[in-house]
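Here is the structure we will look at, set down as structure tokens.
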Amino acid sequence: MDSFVKFTNQSQGRDRIFRATQYACMLLRYLLENKPGKEKEVLKLKRVESSMSSGRKLFRLGNMVHAIEASRASMKISDSFRCYCLTAANVNRFFYFTCDTILWARSVGLVSGINKEKWRTRAAQCYYYSLLLNLARDLYEILQCMDKESKERKCLDKEVDSGNGPNPHISTSLLKSLENFLVMFCLSLKENPPVLLDTVKNVCDLLSPLDRLQIYQTNQGVIGLCGLMSSIVGILTLAKPILKLKH
């Protein structure tokens, strides 16, 4: 109970619970909307989904400042590729939160004359670029893990074969190379849960802006499922910081 109270006392914790609820409602609504006699349930789910979305916009109002601070912090990273990806991703997050704030101000009547669809598209573009940069960073982390795993396995192989001489049965075929690559890939993700979870989260999140920008259109059921999976990963990494990918 103490852990739950501590989690919900954080604005990020409440946001992620709201997000999980929002996408769960989207998924359920998609599954029920074509079934006869479920009109009332679909309407209720749509209202809850809308309420969760509005609540999340309130939680995100101060996130522009967090994005600026994250950009400043990422600029100090010694690894140039990580530095570029994280800084550019955080800059795009800043613009995304700016667009999100403008849309919120329009929805509550604080500003007028705002083209809602245009600003929603701009927000989706910024979110899309941020996710691509984060995925590039994830790929870089995976390759680093694979390189480390490969070096460790070579050292072990040398120790095993040191008294036996070269193995004449070692295959250098393309199939064997592909098999080794896949083994290294799976082992690297298995040994590094933060990298795996961050990659899964970013891939799942990518479906929404892809659909909004009409790059790859899908249905609300797929977006709801991916959003729910991403939200569960977000809740898990916030509740257990050891699972969060460190900068």
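Among the numbered conditions (1) assigned to a helix (DSSP H, G or I); (2) surrounded by 14 or more Cβ atoms within 10 Å (Cβ to Cβ), the only one that I77 does not meet is (1). Residue-level check: of (1) assigned to a helix (DSSP H, G or I); (2) at pLDDT 85 or above; (3) open to solvent by less than 70 Å² (accessible area, probe 1.4 Å), K57 misses just (2). Report yes if some residue within the range 6-24 is farther than 26 Å from K240 by Cβ, at pLDDT 90 or above and open to solvent by 40 Å² or more (accessible area, probe 1.4 Å); otherwise report no. Scanning the range 6-24, I find no residue that is farther than 26 Å from K240 by Cβ, at pLDDT 90 or above and open to solvent by 40 Å² or more (accessible area, probe 1.4 Å), so the answer is no. Selection within the range 167-202: residues that are out of contact with any Leu (no Cβ under 7 Å at 6 or more places or on another chain), among the aliphatic types (A, V, I, L, M) and at pLDDT 75 or above. The member of this set that is least open to solvent (accessible area, probe 1.4 Å) is M184. Restricting attention to the range 99-130, the residues that are outside any helix (DSSP H, G or I) and among the small types (G, A, S) add up to 3. Scanning the range 80-106 for residues that are within 30 Å of E117 (Cβ to Cβ) and aromatic (F, W, Y), we see that the one that is most open to solvent (accessible area, probe 1.4 Å) is F95.
Might you let me know whether the range 75-92 holds any residue that is farther than 26 Å from N192 by Cα and in contact (Cβ under 8 Å) with a residue 12 or more places away in the chain?
Here is the first cut: in the range 75-92, the residues farther than 26 Å from N192 by Cα are 91-92.
Narrowing the set further to residues that are in contact (Cβ under 8 Å) with a residue 12 or more places away in the chain leaves 91-92.
Checked the range 75-92: at least one residue is farther than 26 Å from N192 by Cα and in contact (Cβ under 8 Å) with a residue 12 or more places away in the chain.
Collect the residues in the range 212-225 that are open to solvent by 30 Å² or more (accessible area, probe 1.4 Å) and assigned to a helix (DSSP H, G or I), keeping them in residue-number order. Within the range 212-225, R212, Q220, V222, L225 qualify.
Within the range 230-241, the set of residues being touching a helix residue (DSSP H, G or I) at 6+ places or on another chain (Cβ under 8 Å) and more than 16 Å from E49 (Cα to Cα) comprises S230, I232, V233, G234, I235, L236, T237, L238, A239.
Considering every residue within the range 113-124, establish whether at least one is open to solvent by less than 70 Å² (accessible area, probe 1.4 Å), closer than 18 Å to K201 by Cβ and of a type outside the set (K, R). Checked against the condition, which is being open to solvent by less than 70 Å² (accessible area, probe 1.4 Å), closer than 18 Å to K201 by Cβ and of a type outside the set (K, R), the range 113-124 yields at least one hit.
For S150, the conditions (1) among the hydroxyl-bearing types (S, T, Y); (2) modelled with pLDDT under 95; (3) farther than 23 Å from P193 by Cα; (4) assigned to a helix (DSSP H, G or I) all hold with the exception of (3). Cβ-Cβ distances below 9 Å connect the following pairs, each with a first residue in the range 94-123 that is over 23 Å from E69 (Cα atoms) and touching a residue at least 60 places away in the same chain (Cβ under 8 Å), a second residue that is open to solvent by 50 Å² or more (accessible area, probe 1.4 Å) and not aromatic (F, W, Y), and a separation of six or more residues or different chains: R120/R212; T121/R212.
Say whether the condition of being more than 22 Å from L103 (Cβ to Cβ), surrounded by fewer than 19 Cβ atoms within 10 Å (Cβ to Cβ) and modelled with pLDDT under 90 is met by at least one residue in the range 25-33. Within the range 25-33, one or more residues are more than 22 Å from L103 (Cβ to Cβ), surrounded by fewer than 19 Cβ atoms within 10 Å (Cβ to Cβ) and modelled with pLDDT under 90.
The values are calculated or read from the model by the stated rules, or taken from the named source; none is laboratory data. None of the values given here were measured: they were computed from a predicted structure. All Cβ positions, glycine included, derive from the backbone under ideal geometry; neighbour counts span all protein chains shown. These accessible areas exclude ligands, DNA and RNA; they are computed on the full protein's heavy atoms, side chains included. Shrake-Rupley method; radii C 1.70, N 1.55, O 1.52, S 1.80 Å.
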